[in-house]
Structures are given as structure tokens and as C-alpha cells.
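Let me begin by presenting the structure, written as C-alpha cells, before commenting on it.
The values are calculated or read from the model by the stated rules, or taken from the named source; none is laboratory data. Just so we're clear, the structure is a prediction, and the values are computed from it rather than from any experiment. Neighbour counts run over all protein chains shown; Cβ positions are idealised from the backbone, glycine included. Remember, those area values only see protein heavy atoms, side chains included, never the ligands or the DNA or RNA. Shrake-Rupley method; radii C 1.70, N 1.55, O 1.52, S 1.80 Å.
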Amino acid sequence: MSQLLDHLKKTPNSTNRPQIAVLCKTNGMRAALEIELAAKYCVTTFPNSEHNLKQLTQGCWDVLVLDDVEIFKHIHAFLAGAYLPIMMLSATDDKEPMLQALEAGVSDYLKWPADKDILHARLRLLVSNKQCFDAQRQAMDQLKSSGARKDRFLHIVTHDLKNPLNSIKLAHYLMRMSLADNAEMAEPLHSIETAISSMNDLIMDFLESSSLENGKTQLDLEAITMEDAIWEAIFRHGPSANAKNITLLMGETKGVALADSKRLAQIMTNLVSNAIKYSPHNRFVTIASSVKENYVHVSVSDEGAGIPEDERSMLFEAFGRTSIQPTDGESSTGLGLWIVKELVTLHGGRLGYEAPASGGSIFWFELPVYVSLTEALAG
């Protein structure tokens, strides 16, 4: 019986007529159905026995006709993930078997002997449903296959771009060293540096998004002191903040999170770099953490334009873009906040956005508080 699912997923039969399997314990009903349906369908009949149930699993059917609720339940247990229309026939006027069959999941139920026109009409409907399902499944399989090929190609191309980009970085470094005293080259060199940074962000975001979408991102959880994590973020983003005369402030720094240090750094990098990117010159960006119940709450506050209320639903969507633009023409892939959402969710945390009445934006996320073994046993 375990073979039934595999057979149902195969391409339907190559004949022009639909395949009908009839599994009836009543000989008269089985014989009558075979005669009645033979003109329009390829009919295969099976006496109601365990031996014939095994034979039944070796076919690929468009509709299965049964007359026993218990046999249906036995077959239905193997149909998870597959679709096979099932018609139940009953020679009794008792409505209880009909209710049991419908509640168990049969597609249709008819009193036997049935009106021939009604029988054929209902079978046509079931066959049509099966054919539509098969066509949709085939289209979905093709889309999945196409999507997988596209993802592999994108991953390979994106990964391979890292090598020429590293060469450009080296060339830029050498040019800056040799042209340090040439004032006319300062702006072109800065443009090259900005382009390199944008390309690097694009490559890293695409590689990270591919890893997240394919479920390949793994976490190495440990105790992370948020004060250390915030200091690291301020140190890392100091140069880009200084370029816009933006002051990075450290607020309250409480809490020890259970997190992956590398992934937490990615989360902080995306939020802090965004705060700098969308803030005007001569402003402040504040990073703080606190403990709220069983979570460490981390916030990144800026004094930028804020996000219009009707655009906030797009913030954490892949390639979601708002009307707010970076204040110095910096680039954005549209993946940063989506990556933040996926990484926070992977940690079992949560995140959100607030718009203070005073203006600006507050992006926050929460990660589980680290609990030592001693604390866990004491609690």
C-alpha cells in the first residue's frame, strides 16, 4: 500500500480514456459497473480483498470507485500528499455510512443502483478535477525546476563575481596609495570605492538570501553580551558614520542573548548601516539593548525622515522598497531588512518598526535571553 503515493504522482496513463478502478465486495455491483463504464473508460475491477488491494496500488487511476467505508479509510491513510478522487457507492438507505464516508473524505457518494446519467455526470466531474489537478501539479513541478535552476545559476554567478571584485579592490587600493597627493583624483577614487562597496553588499546579500531560502543557514548558538555586540557595531560602522558626520551613540546595554555571533553581527550591520544610510548629515544614531521578560530587546534609532505609514508593510519583504531614499545616494539591494527578518526568526525571535512622535525611525529586534545551566536548574 505504501506504493500508492508514488504511483499517484506519476504521469497519468497515455491512453485517451480515463482509468477507473472499481473495488467492490458485491459481485453484482462490480460486474454492473464494469459493463456500464466500459464504453467510456478503461475499467479495472478488483474484488474486495487484501490481495487485490496490493494489486490496486500498482496502477495509476483517475477515479477509484468503492463500496466499503472501512476499505476507503485503509486506502485514504496512504493518500497524504496525493490526490485521487474517490466515489463511494452504497446499496443501503442508511445515511450513517454516507455520513462516515463524507466525513472521512470521499469525493462523492451515490445510492446504488444509481441513475446512469447521474453516475456518468459525476464521474466526468471527478475525472475533470483529477486532470486539472495533474495539470496544475505538472506546471508547479516545472516552475520549481525552473526556479531551482535559476537559483543555482544566480548563486554560481554571484559567487564568481567575488574574485574580480577582489581584484578591483586591490587595484583601487594601489591607485589610492600612488595618487594620495593628487587632489583631482580624490573624487573619482571615492566613486570607485562607493561602487565597490555597493557591489560587495549586493553579492553578500544575494548569497545570504539564497542560503536562507534554501534552508542552509545554520546557527551556532552561544551567550552573547550585548554590550560587546553593540561596541563592535559602533567600531565597524564608525568610518561610514564619520563620512556623514553622524554620531553613533550607545544607549543602555543590558542583556545576554542566546545567539549566533556571526548572524547577530549581520543583523546589527544591516540595521546600523541602514540608519546611517537614511540619515542626513550631522545627526545621531543610537543603539541600545534591554531585557524584556525572556527576550533581549535591541533597538537602532535614527533621526531620518521615517517611513510613511502606508509603506511600512513592505519593510521586511524581499526587495521591498519605500519612497524614502538614502541621503547621500547610497545603494540598496532591497534585501537587507528581509535578511534581518529571516535571521531573527531563525533565532526564535521577533522584530518590528516604530515611528516616534519626535520623528525618525526605530528598528528593533528581540532574541531569547541566554539562560545558564545553573539558572535553568534553579528555575
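Numerical summary
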read-out	value
Residue satisfying all of: in segment 262-292; in a strand (DSSP E or B) and open to solvent by 40 Å² or more (accessible area, probe 1.4 Å); nearest to residue 339 (Cα to Cα) among these	286
Of all residues in segment 14-33 being assigned to a loop (DSSP other than H, G, I, E, B) and modelled with pLDDT of 50 or more, the one that is least open to solvent (accessible area, probe 1.4 Å)	18
Checklist (1) open to solvent by less than 80 Å² (accessible area, probe 1.4 Å); (2) assigned to a loop (DSSP other than H, G, I, E, B); (3) modelled with pLDDT under 80 applied to residue 376, failing item	(2)
Selection within segment 293-319 - open to solvent by less than 40 Å² (accessible area, probe 1.4 Å), closer than 26 Å to residue 257 by Cβ and free of Cβ contacts under 8 Å to residues at least 40 places away in the same chain	315, 316
Test: residue 323 is under 28 Å from residue 247 (Cβ atoms), in contact (Cβ under 8 Å) with a residue 12 or more places away in the chain and surrounded by fewer than 20 Cβ atoms within 10 Å (Cβ to Cβ)	yes
Pairs, first touching a residue at least 60 places away in the same chain (Cβ under 8 Å) and farther than 16 Å from residue 285 by Cα in segment 221-232, second surrounded by fewer than 16 Cβ atoms within 10 Å (Cβ to Cβ) and hydrophobic (A, V, I, L, M, F, W, C), C-beta under 7 Å, six or more apart	none
Count of residues meeting criterion [among the aliphatic types (A, V, I, L, M) and within 20 Å of the chain's Cα centre (by Cα)] in segment 293-335	4
Cross-chain or 6+ apart pairs with Cβ under 7 Å, segment 172-190 first and open to solvent by 80 Å² or more (accessible area, probe 1.4 Å), then part of a helix (DSSP H, G or I) and not small (Gly, Ala, Ser)	176/189
So residue 254, is it within 15 Å of residue 351 (Cα to Cα), open to solvent by 40 Å² or more (accessible area, probe 1.4 Å) and of a type outside the set (A, V, I, L, M)	no
Residue within segment 337-356 that is of a type in the set (Asp, Glu), open to solvent by 50 Å² or more (accessible area, probe 1.4 Å), in contact with a Leu (Cβ under 6 Å, 6 or more places away or on another chain) and not in a strand (DSSP E or B) present	yes
Boolean, residue 235 is open to solvent by 20 Å² or more (accessible area, probe 1.4 Å), within 30 Å of residue 371 (Cβ to Cβ) and under 26 Å from the mean Cα position of the chain (by Cα)	no
So residue 312, is it under 29 Å from residue 219 (Cβ atoms) and not in a helix (DSSP H, G or I)	no
Close pairs (6 angstrom Cβ cut-off, 6 or more residues apart or separate chains): touching a residue at least 24 places away in the same chain (Cβ under 8 Å) in segment 103-131, surrounded by fewer than 18 Cβ atoms within 10 Å (Cβ to Cβ) and among the hydrophobic types (A, V, I, L, M, F, W, C) anywhere	112/91
Options 253, 269, 247: the member that is more than 16 Å from residue 290 (Cβ to Cβ), touching a Phe, Trp or Tyr at 6+ places or on another chain (Cβ under 9 Å) and among the hydroxyl-bearing types (Ser, Thr, Tyr)	247
Test set (1) assigned to a helix (DSSP H, G or I); (2) within 37 Å of the chain's Cα centre (by Cα); (3) at pLDDT below 85 - residue 106 fails condition number	(1)
For residue 276: the one exception among (1) within 27 Å of residue 222 (Cβ to Cβ); (2) among the aliphatic types (A, V, I, L, M); (3) free of Cβ contacts under 8 Å to residues at least 40 places away in the same chain	(1)
